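Asker: Take this structure first; my questions come after.
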Amino acid sequence: MPSALDCRGLEKRYGPTIALAGVDLKVEEGELVGLLGPNGAGKSTLVKIACGLVRASGGAATVQDAPAGSREARRRIGYLAELFRFPGWYSADELLELHQRLSGSTGGATERDELLDLVELTDARTRRVEQMSKGMQQRLGLAQALVGAPPLLLLDEPTSALDPVGRRTVRTLLEELRSRGTSVLLNSHLLSEVELVCDRVAILLHGRLVAEGSPSELARARGVEVETEEGTHVFEGASREDAPRLVAELVAAGRRVYGVRVLTSTLEDTYLEAVGGETS
């Protein structure tokens, strides 16, 4: 199967400003990839190129082997922009029906019912957009991105307006979509959300990919913490594989071991190290 999204040597220049400087990034079928980086790193530019809203200056991007921006590629994408706006006089059901017509979806009322249920807005199907909270509008935006069951979702800060319950709802939704084989590129500033739900993380800085891997791959060992009757001691530089040996040595030396914890860096640690002093 071709990659859901394949960016090769992607470049974008705005006059003397370099937004992307040769980025290679893939999103495979059923994979959820988190895109991280401070403001101006090139995240939104990459997403807009994938959508066909911006033309690359160099390199290429394809959606299931179709050139980004082509009609074939656009049909395979669901997109939720960070600063989206829906007509306030539309109800949730009317808005989804509009997007069905725009996308050519033949799912009808059945599809709309399923999408509203998926984002927990069934009881708000007749409510006007202008009467919805920001969180409800955000979830409705996710529903419209799913119209027509696109194989690739491009989501720009989809949890920015949500409370903790709403963010958990979106996480559950993303996990459900992944189980169905839907691919997702998630652009977010919420590192904790990305760490919880993403299979892989890509960190951009000044238009370049500076780190990539699964959250566990990006985490590094920071030592092993052992609690004995004499207190807690950290063996710096030790890894998970060293823990059994350390415990055996302490027991052999007559110590009572009450607890062992392997210390690793978090995604936040890795992110801050990768971007240095850059702010979001």
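Asker: Given the conditions (1) modelled with pLDDT under 80; (2) surrounded by fewer than 16 Cβ atoms within 10 Å (Cβ to Cβ), which single one is not true for Glu249?
Answerer: Of (1) modelled with pLDDT under 80; (2) surrounded by fewer than 16 Cβ atoms within 10 Å (Cβ to Cβ), only one is false for Glu249: (1).
Asker: Can you say whether Ala124 is under 23 Å from Asp269 (Cβ atoms) and crowded, with 19+ Cβ neighbours inside 10 Å, as far as the supplied structure shows? So that I can check it myself, show each step before the final result.
Answerer: On the way: under 23 Å from Asp269 (Cβ atoms): no; crowded, with 19+ Cβ neighbours inside 10 Å: yes.
In short, no.
Asker: Taking the range 108-121 as the search range and keeping residues that are buried (at least 18 other Cβ atoms within 10 Å of the Cβ) and in contact (Cβ under 8 Å) with a residue 40 or more places away in the chain, which one is nearest to Glu82 (Cα to Cα)? Explain how you work it out, then say what you get.
Answerer: Here is the first cut: in the range 108-121, the ones buried (at least 18 other Cβ atoms within 10 Å of the Cβ) are 111-112, 115-116, 118-119, 121.
With in contact (Cβ under 8 Å) with a residue 40 or more places away in the chain added as a condition, the list becomes 118-119.
Working: Leu118: 20, Val119: 17 Å.
It comes out as Val119.
Asker: Hey, among Ala81, Ala68, Ala60, Ala56, which residue is in contact with a Ser or Thr (Cβ under 8 Å, 6 or more places away or on another chain) and among the small types (Gly, Ala, Ser)?
Answerer: Values: Ala81 fails: in contact with a Ser or Thr (Cβ under 8 Å, 6 or more places away or on another chain); Ala60 fails: in contact with a Ser or Thr (Cβ under 8 Å, 6 or more places away or on another chain); Ala56 fails: in contact with a Ser or Thr (Cβ under 8 Å, 6 or more places away or on another chain).
Of Ala81, Ala68, Ala60, Ala56, the one residue that is in contact with a Ser or Thr (Cβ under 8 Å, 6 or more places away or on another chain) and among the small types (Gly, Ala, Ser) is Ala68.
Asker: Okay, next question. Kindly establish whether Val165 is touching a Phe, Trp or Tyr at 6+ places or on another chain (Cβ under 6 Å), surrounded by fewer than 21 Cβ atoms within 10 Å (Cβ to Cβ), over 20 Å from Ala4 (Cα atoms) and not acidic (Asp, Glu). Break it down stepwise before answering.
Answerer: On the way: touching a Phe, Trp or Tyr at 6+ places or on another chain (Cβ under 6 Å): no; surrounded by fewer than 21 Cβ atoms within 10 Å (Cβ to Cβ): yes; over 20 Å from Ala4 (Cα atoms): yes; not acidic (Asp, Glu): yes.
Spelling it out, it is not the case that Val165 is touching a Phe, Trp or Tyr at 6+ places or on another chain (Cβ under 6 Å), surrounded by fewer than 21 Cβ atoms within 10 Å (Cβ to Cβ), over 20 Å from Ala4 (Cα atoms) and not acidic (Asp, Glu).
Asker: Something else now. With the requirement that a residue be in contact (Cβ under 8 Å) with a residue 40 or more places away in the chain, surrounded by 15 or more Cβ atoms within 10 Å (Cβ to Cβ), on the phi > 0 side of the Ramachandran plot and out of contact with any Pro (no Cβ under 9 Å at 6 or more places or on another chain), what does the range 47-104 give you?
Answerer: Gly59
Asker: Residues being exposed (fewer than 15 other Cβ atoms within 10 Å of the Cβ) and within 19 Å of Pro150 (Cβ to Cβ): count how many of those fall in the range 2-25.
Answerer: So the count comes out to 1.
Asker: Shifting gears a bit: Taking Tyr79 as meeting all but one of (1) part of a strand (DSSP E or B); (2) more than 20 Å from Gln137 (Cα to Cα), write down the number of the exception.
Answerer: For Tyr79, the failing item is (2).
Asker: Being assigned by TED's automatic domain parsing to the domain that holds Gly22, closer than 26 Å to Thr17 by Cα and either at pLDDT below 90 or aliphatic (A, V, I, L, M) (or both) is true for just one of Gly40, Gly69, Gly58, Gly52. Which residue is that? Reasoning before the result, please.
Answerer: Values: Gly69 fails: either at pLDDT below 90 or aliphatic (A, V, I, L, M) (or both); Gly58 fails: either at pLDDT below 90 or aliphatic (A, V, I, L, M) (or both); Gly52 fails: either at pLDDT below 90 or aliphatic (A, V, I, L, M) (or both).
After ruling out the rest, the residue left standing is Gly40.
Asker: I've got another one for you. Applying the selection to the range 112-138, what residues are within 24 Å of Leu5 (Cβ to Cβ) and assigned to a helix (DSSP H, G or I)? Spell out how you get there, then give the answer.
Answerer: The initial filter retains those residues of the range 112-138 that are within 24 Å of Leu5 (Cβ to Cβ), namely 115, 118-119, 138.
Once the filter is applied, which keeps residues that are within 24 Å of Leu5 (Cβ to Cβ) and assigned to a helix (DSSP H, G or I), the range 112-138 yields Leu115, Leu118, Gln138.
The values are calculated or read from the model by the stated rules, or taken from the named source; none is laboratory data. Since the structure is predicted, the reported quantities are computational estimates derived from the model, not experimental observations. So basically every Cβ, Gly included, is an ideal-geometry build from the backbone, and we count neighbours across all protein chains shown.
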